[in-house]
Every structure is written in C-alpha cells, then in structure tokens.
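Chemist: Just passing along the structure, written as structure tokens.
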Amino acid sequence: ALHDQASLASDAQERVRLFSGAVQSYNNALEINTLKSAPEKWMNGQYNLAVALRDLALASAPEERERILGESVQAYEKTLNYSRQTAPAEWAQTQYNIAIVLSYQAESGKKEDRARRLGEAAAAYREALKVHTPKDAPQEHSATQYNLAFVLRAQALASTGDERVRLRGEAVQAVRESVKGVENPKPLYLVLSQFLGGYSYELLFAKKPQEAIDAATEALELAPEEIWAATNLTEGLLLSGQYEKAEALCRKNARVLLEGNKSFVESVFADLDALHAAGVTHPDVEKFKKQLSPLLTPPDKTFSGLLPEEQSTQLPLSL
C-alpha cells in the first residue's frame, strides 16, 4: 500500500518518505518469510523490495541515488539462483530488470565507472535473451534487444579506440535483432538508421572508410530524411579516393542546415578537421576544401534531425 501511495504522491519529500516506508515493510516481511520457510513468498518479497528500492532511488537526491540503486540490484540478484531453477521466465525478467537498474546506476555514478556499469547491464540483458528468444518470446526478445542496443551505444560513447567501434557495431546488430517478431518494424528502421549513421562516423576514425560508406549508405536507404548521415558518406567517399562522388554529394546537400545550425558543408569540414587531428586524412582533402569553401554561406533549408549522440537519453522499455 505504501508503495502504491508513493507512486501517486506529487510531493518529492512525501514520495521519498513513502518509498522508504515501503522498503522497511518489505524488509520486515522478509524476516518472517525466509527462503527456507516460505520460498515463494520470500522471492516475491525480494522482488518487491528491489522495485521499491529502485523507485526510492529515482525519487531521492542525486548523491543518494547510486547507493540505493546498488541495493536494488543486490535485492534482485538474491532471487536469481532460486528462480532460475523454478521459474525461468521470472529469472529472465529479473535479469532484464537488473539491466535497467544498472543503466540508471551508470547514469548516476562516477564517470569512470560508467563503461563498466553499462557493460554489466549489457551482460544482464544477454542473460535475459537466453530465455527471451525470437521463437519462444518474440515481443520480449525485441524489447530486450532494443534496450541492449541503447546500453551498448552508451557504453561505446564511454569507451575509446577499437572498443568504442566494436560496441557501436554490436549496438547496430542489437537493433537489427529487435526488428524480429515486430508487426510494425517501421519505427525501428528509423532507430536502425540512426545507429548505422553513428557507427559510420566511428568507422571513419578507425580508418575503415569503405565500411563507413556501407553503414552510411544503409542508414540513408532506411531513412532518407536523416541527411546528417550523408556527411559521413561524403567523408568516407573522400577518404577512400572517390573524390568526384564526394564532391557531388556535398554540393547536392551544401545548403541543408544540420544540428547546431551548421550547414552540411560546415559539418563536413568540421569532421575532416577532427579526423585530421586523429591522424585520418587523404591527399584530396585540401583540394576538396578549396573547391567547396565558396559554399560556406548561410544555409537556406532547415533540417531537424539530430545526431544520435545529441538525443536525450533513451529510457529502457519495461516488460
């Protein structure tokens, strides 16, 4: 009852008070309903405790959030050995919930712990996928893969070098998997396009221009309106020695306005400078800049699409 009251309360302090009361009530019940004396009631109590701790954490001050989320994870984990043997579906759901809490914990904790926590969340989602298969649980499979994709992308953005590129690629694959079993995959194709676009950018820095071209091309085929992905395609073409195609594509979109109020040409030039600073370049880059620099004028066409990195944090899907 306290948990339900807390969920409905509008005052922040009242929510914390009620959630804290719910946590205490669940702990009191667990002293009576132990794993040995009442295993079913114990498992349900542990599960309710974990949910209450999660909700308490999200309602609490930032400095308390990470610690309480950690307690929520511990409460969930205590049920895993029992539920895996007796209730595989509940075990998979618990792994799914653990992954969500670890994702919140990564957002709340120290920056240096972010990649590790997100890696733990990804591992929990993968455990859930052992039960959430396309054949046996298609909807759960899609939701789990979808959440896994966003966790992997966030982990990639918290990583560097080859690890960053690898995780980006795994995130793309997770989105592909999320399409399976979905009756209306069109919204997921837009997500896949955005993930492919971000992946193509990382591939440029990994000195894999042809793979970047392939990823950006697919992104644009899936969602032609995601014009920002064409900047990566332009740069991939230029870095792979396909100067004429790169110039033609850049001229075609020259006056399109992208995020940050930058024109298409400005965005390409900025990316080329960043790539050069990272040791990625081509003899044709200076020629390209000289030929295209007259197009660095205020754009006259707006475009609202954002790069995946600039979008707000994706909330995980709940099952």
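All of the numbers you see were taken from the coordinates with simple rules; none came from a lab. Just so it is clear, the structure is predicted and the values come from calculations on it, not from any experiment. Cβ atoms come from the backbone with ideal geometry, glycine included; neighbour counts cover every protein chain shown.
Chemist: May I ask you to derive the FRET efficiency for Asp273 and Glu31 from their Cβ-Cβ distance with R0 = 51 Å, giving the value to the nearest 0.05? Mind dumping the intermediate values first?
Modeler: On the way: r = 63 Å, r/R0 = 1.23.
Rounded to the nearest 0.05, the efficiency is 0.20.
Chemist: Which of rounded, prolate, oblate describes region 1-110, given a ≥ b ≥ c as roots of the alpha-carbon gyration tensor eigenvalues and a/c under 1.5 marking rounded, otherwise prolate only if a/b is larger than b/c?
Modeler: Oblate is the answer for region 1-110, as a/c is 1.5 or above yet b/c matches or exceeds a/b.
Chemist: For Asn261 and Asn184 in one chain, what is 0.36 nm times their gap in residues minus the Cα-Cα distance, to one decimal in nm? Can you show the working numbers first?
Modeler: Working: separation 77, 0.36 × 77 = 27.72 nm, distance 3.34 nm.
Extra length available between Asn261 and Asn184 comes to 24.4 nm.
Chemist: Between helix 88-108 and the chain, what is the angle of the helix's C-alpha long axis to the longest principal axis, kept within 0 to 90° and rounded to the nearest 10?
Modeler: Around 60 degrees separate the two axes.
Chemist: Identify which of the listed values of log10 I(q)/I(0) by the Debye sum over Cα atoms at q = 0.13, 0.15 Å⁻¹ was calculated from the structure shown: [x] -1.09, -1.26; [y] -0.96, -1.14; [z] -1.15, -1.49.
Modeler: [y]
Chemist: Applying 1/(1 + (r/R0)^6) with R0 = 45 Å to the Cβ-Cβ distance of Asp11 and Asp162, what FRET efficiency is obtained, to the nearest 0.05? Can you show the working numbers first?
Modeler: Working: r = 49 Å, r/R0 = 1.08.
Step by step, r from the Cβ atoms, then E = 0.40.
Chemist: Roughly what angle does helix 39-59 make with the longest principal axis of the chain, taking Cα atoms, 0 to 90 degrees, to the nearest 10?
Modeler: Rounded to the nearest ten degrees, it is 50.
Chemist: Right, another one. Place a +1 charge on the Cβ of each Lys and Arg in region 230-301 and a -1 charge on the Cβ of each Asp and Glu, then give the dipole magnitude about the Cα centre in debye, rounded to the nearest 20. Walk me through the numbers on the way to the answer.
Modeler: Values: 9 positive and 10 negative charges, 48 e Å.
So the dipole magnitude of region 230-301 works out to roughly 240 debye.
Chemist: Any idea what the relative contact order of region 151-308 is, in percent, if you count C-alpha pairs under 8 Å spaced at least 6 apart? If you can, show how the numbers build up before the last one.
Modeler: Values: 228 pairs, mean separation 29.8, N = 158.
Across region 151-308, relative contact order equals 19 percent.
Chemist: Using modelled backbone amide H atoms (1.01 Å from N, in-plane), which distant-in-sequence or interchain residues come within less than 5 Å of Ser263's amide H?
Modeler: Residues meeting the criterion, in which the H sits 1.01 Å from N, are Leu258.
Chemist: In what sequence do Leu239, Leu8, Leu188 fall when counting other Cβ within 10 Å, fewest first? All intermediate terms of the calculation are to be shown ahead of the outcome.
Modeler: Working: Leu239 23, Leu8 9, Leu188 20.
The most exposed by this proxy come first: Leu8, Leu188, Leu239.
Chemist: Where the only charges are on Cβ atoms (+1 Lys, Arg; -1 Asp, Glu), what is the dipole of region 186-233 about its Cα centre, to the nearest 20 debye? Before the final figure, lay out each step's value.
Modeler: Details: 3 positive and 7 negative charges, 22 e Å.
Here the size comes out at about 100 debye.
Chemist: Give, rounded to the nearest 20 debye, the magnitude of the charge dipole that the chain has about its Cα centre when Lys and Arg contribute +1 at Cβ and Asp and Glu contribute -1 at Cβ. The partial results should precede the final answer.
Modeler: Working: 35 positive and 43 negative charges, 60 e Å.
It works out to roughly 280 debye.
Chemist: Quick check on region 104-163: take the gyration tensor over C-alpha atoms, sort the square-rooted eigenvalues as a ≥ b ≥ c, and tell me if it's rounded (a/c under 1.5), prolate or oblate. Numbers along the way, then the final one.
Modeler: Details: a/c = 2.87, a/b = 2.19, b/c = 1.31.
Prolate is the answer for region 104-163, as a/c is 1.5 or above and a/b outweighs b/c.
Chemist: Remind me, relative contact order of region 215-268 in percent, using alpha carbon pairs under 8 angstrom and six or more residues apart?
Modeler: Working: 50 pairs, mean separation 14.6, N = 54.
For region 215-268, the relative contact order is 27 percent.
Chemist: If the limit is 32 Å between Cα atoms, which of Lys111/Lys245; Lys186/Lys245; Lys78/Lys135; Lys41/Lys111 go over it? Present the calculation step by step, with values, prior to reporting the outcome.
Modeler: Details: Lys111/Lys245 41 Å; Lys186/Lys245 30 Å; Lys78/Lys135 29 Å; Lys41/Lys111 38 Å.
Those over the limit are Lys111/Lys245; Lys41/Lys111.
Chemist: State, to one decimal in nm, how far the label point of Ser293 lies from the label point of Lys135, with both points 7 Å from Cα in the Cβ direction.
Modeler: Simple spin-label model gives 6.2 nm for this pair.
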